[in-house]
Each structure stands twice: as structure tokens, then as C-alpha cells.
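Since every read-out is calculated from the coordinates, none of them should be taken as a lab result. The structure displayed is predicted, hence computed values, not measured ones. Using ideal geometry, Cβ is built from the backbone for each residue, glycine included, and neighbour counts are taken over all protein chains shown.
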Amino acid sequence: MAKNRQWHLTSRPTGELSAGNFELRESAIPEPGNKQFLIRTIYLSLDPTHRLWAREKASYMPSVKLGDVMRGFTMGVVEKSNHPGYPVGAIVTGVFGWEDYSISDGSGIVALVDMDPRLPLTARFGLFEHIGLAAYFGILDILHPKPGETMVVSGAAGAVGSIAVQIGKIMSCRVVAVAGSDEKCAWLKDELGADAAVNYKKGSLKASLRAACPKGVDTFFDNVGGECLEAVLDLINMKARIAMCGAISQYGNDEKPYAPPNIYNLLNKRAKLEGFIVLDYAADQRWWAKAHDDMTQWHIQGRMKYRIETVDGLENAPQAVTKLFQGTNTGKLLVKVSDEPPASARL
């Protein structure tokens, strides 16, 4: 008999999230009740926010309770349904769990997937959802870049950062990417079009950024926080704008995260720093639709690339998530939990 495998959070992480914080358990596949439906997970998205959700202190969402199934962004197919809005065969994305099967009444669903036939299903997490759309909204709605301005992107070889680099170029900015290896820097420059790339693990980050930004920094898309934010704050121009999408360098510092000592440079330069979460935009369908249209067209035109790194098997999720914090992944990291339905069967 088929079982529902589930990864449960069994301990709070100290420092980085690790496989030792989880336990794999099996249970019967649940049956949907009235106005509910059963989702078979196809892909599980692995994201730095897992570290925030696993700690005791709540972040922008409540912490996962010890013993509960670990929360995650997933894509799946409806296998059984007692809900008129979600028929069998529909592909959905939403916030569910690290598990083979989930039950929903529509709560937690982000979207019914209506993909452009020219794009594979994985593009949903490579270009859209909380990945590409975070880069899109952060740049277009917070940074408001102007042609010729210098934009810095930290965590630039990651899922969101790599999209942000390309949107910056589409907006005609001079883009400086910050990443953690020479190989990643080469990819950012040679394939994604960054004007300069800085390896923060080599030499002085402040000196390298200063050399790469001779006219200062006008906009900063930050995924890292900490010392990288400090280095950029030294270089911001008058009326600079900073969009804080993440702070992965500090996610393991639960007791005393590092705060840049030069934060008052925001005052000196009359600059703006604004944090945001992509789900802030979910209710505004005009923004959401425009972002999907723009990203799709940019990709089809060859102006927007994405890279997917896929790990096979739900059983490998806890080990795979450590790649995010060790900096060993490039682009979007997914776990393939089960096979995609045939294209002819998709609704």
C-alpha cells in the first residue's frame, strides 16, 4: 500500500539548518473531505526561508512547531477532488509541506498553473512564483531603477539574485553582481550579462566593490545582509534605494545577528531601505499578471535565463537544503518528489 512520506521538524537548528533537524515518517495517504482535494507533490522548492521557519522565533510567517511537517513551497497535481474549483489533473502551487501528498480546501494555494506551452513546468519556480517575481517586484516597485544607474545584487548566483541581475540589465542599469566563487562570477558576467562580478570570498569585499562601483551605488537588491550590506552602505549615492529581499548571511545568527555599524549612512544620503516579501503582492492581480507577461516575454526573447538544479527524491530534501547555506548551488534548487503528468493530461 502506498504511503505518504513526511519530513517532520524534530529539533531547532543551531547555526545552519541540517539533516539532523528532521525525521522521516510515514502515514496513510489522506482522503479529501467535503470541498477538499488531494495533491500529489511533484516539486518541492528549497529556499533560505526554511531556516527562518525552523527557528523558535517567528518571522514573517509563524515558526514550524516541533513535530510538525516542515513547511515548503510546492507544485503538485490534483489526484482526487471534492472541490469544484480544483478538478483532478489540475496543476497547483502553494505553501504546503515536505511530503508526498497534501490535503487542501484551497487555502495555501498560490496559483492554478496555466503555463505558456513554450515553457516547462520547472519554469514556474525558475521564473515565476516566489523566485522570479520577488526579483521583479523588488526592482520595479521598490528600486525604480533609471538607465545608467549602478545596481548591485548580492547573492547574485542564487535563484532570485540571478533573475535580479538580468532585470537590472533589461532596465539598462550597470549591474555589479556579488557571488561566492570565480565560477559563479564568470557565469554571471558571461551568460547573464553582469557588467562586473565580485567574489566576496576573495580579498576585501569593500575594496572589490569600491573598484567595481567607481560612481557609487544607486540601487541595491540585497539577498545577503550583514557585511555585504555594510560594504554597499559605504558606497551609496544620494537618494539611493535598497530592496531587502533576504539576509541569508544572518539566518543562523538567532541570538545576535550582525547589524551594519554604518546604517546611519541612509540618513546622510537620504536613502531608502525597504524590506519586502513576495506574498505582499499576491492580492494585486494586476501586478501579478504584468509580472508573468513581462517575464515570459523576456524569456522567449532570450533576455531572461534561469538555471534549475534538481535533486531527485523527497528522501534527499534535508541534505539538499544545506547547499543553500554552504553556497554550493547555482540558480533555483528543487527536489523532484514525483513524476510530472504527461503534457497531454494537463488542464
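Please compute P(r) over all alpha-carbon pairs of the chain, binned at 10 Å starting from zero, and give each bin as a whole-number percent.
5, 25, 33, 24, 10, 3, 0
Once the Cα atoms of helix 159-170 and of the chain are each reduced to a long axis, what angle between those two axes, in degrees from 0 to 90 to the nearest 10, is obtained?
That works out to roughly 50 degrees.
Averaging sequence separations of C-alpha pairs under 8 Å and six or more residues apart, then dividing by the length of the stretch 129-280, give the relative contact order as a whole percent. Each step should come with its number before you reach the end.
On the way: 319 pairs, mean separation 33.7, N = 152.
Relative CO of the stretch 129-280 lands at 22 percent.
As an exercise, identify the trypsin sites (Lys or Arg not before Pro) in the stretch 140-214 lying in DSSP coil whose Cβ has no more than 13 other Cβ atoms within 10 Å. It would help to have the intermediate numbers written out before the result.
Numbers: sites: LYS169, ARG174, LYS184, LYS189, LYS201, LYS202, LYS206, ARG210; in loops: LYS201, LYS202.
Passing sites in the stretch 140-214 are LYS201, LYS202.
Mind checking the stretch 1-66 for GluC sites (Glu not before Pro) that DSSP puts in a loop (not H, G, I, E or B) and that have at most 14 other Cβ atoms within 10 Å?
Details: sites: GLU16, GLU23, GLU26, GLU56; in loops: GLU16, GLU56.
Of the GluC sites (Glu not before Pro), the ones in loops of the stretch 1-66 whose Cβ has at most 14 other Cβ atoms within 10 Å are GLU16, GLU56.
Pick out which of PRO147, PRO30, PRO84 has the largest mean-square fluctuation in a Gaussian network model of the chain, springs linking Cα atoms closer than 10 Å.
PRO84
Go ahead and set up a Gaussian network model of the chain, Cα springs under 10 Å, then flag whichever of LEU279, LEU121, LEU314 fluctuates most.
So, out of LEU279, LEU121, LEU314, the one fluctuating most is LEU279.
Output the relative contact order of the chain, whole-number percent, from Cα pairs under 8 angstrom with separation of 6+ residues. Could the numbers behind the result be given before it?
Numbers: 753 pairs, mean separation 63.7, N = 347.
The value is 18 percent.
Say we join alpha carbon atoms closer than 10 Å with springs in a Gaussian network model of the chain; which of GLU227, GLU79, GLU31 then has the biggest fluctuation?
GLU31
Cα centroids of the stretch 239-275 and the stretch 107-150: how far apart, whole angstrom?
Between the Cα centres of the stretch 239-275 and the stretch 107-150 lies a distance of 23 Å.
Applying the Karplus parametrisation 6.51 cos²θ - 1.76 cosθ + 1.60 with θ = phi - 60° to the phi angles of the stretch 183-198, what ³J(HN,Hα) value in whole Hz is obtained for each residue in order, glycine and proline being reported as x?
My calculation for the stretch 183-198 gives 5, 5, 5, 5, 4, 5, 7, 6, 9, 9, x, 4, 6, 8, 9, 10 Hz in order.
Once all Cα-Cα distances of the stretch 129-280 are split into 10 Å bins that start at 0, what whole-number percent is in each one?
12, 46, 36, 5, 0
For the chain, what proportion of DSSP beta bridges, expressed in % and rounded to the nearest 5, is antiparallel?
Working: 34 of 60 bridges.
Percentage antiparallel, nearest 5: 55.
Counting other Cβ atoms within 10 Å, keep those with at most 16, restrict to DSSP loop, and tell me which trypsin sites (Lys or Arg not before Pro) in the stretch 59-124 are left.
Details: sites: LYS65, ARG71, LYS80, ARG118, ARG124; in loops: LYS65, ARG118.
Within the stretch 59-124, the qualifying trypsin sites (Lys or Arg not before Pro) (loop, at most 16 other Cβ atoms within 10 Å) are LYS65, ARG118.
For the residue pair ASP284 and GLU56, what label-to-label distance in nm results when each label sits 7 Å from Cα along the Cα-to-beta-carbon direction?
Here the answer is 3.8 nm between the modelled labels.
Per the helix-only calculation at 222 nm, which mean residue ellipticity applies to the chain, given -39500 (n - 2.57) for every DSSP H run of n ≥ 4 and division by its residues, nearest 500 deg cm²/dmol?
-7000 deg cm²/dmol
On a C-alpha basis, how far is the centre of the stretch 153-209 from the centre of the stretch 22-72 in Å? Whole number, if you could?
After rounding, the separation between the Cα centres reads 32 Å.
Relative to the present Cα-Cα distance, how much length would full extension add between GLU183 and GLU227 at 0.36 nm per residue of separation? All intermediate terms of the calculation are to be shown ahead of the outcome.
Numbers: separation 44, 0.36 × 44 = 15.84 nm, distance 2.18 nm.
Using 0.36 nm per residue and subtracting the Cα-Cα distance, I get 13.7 nm.
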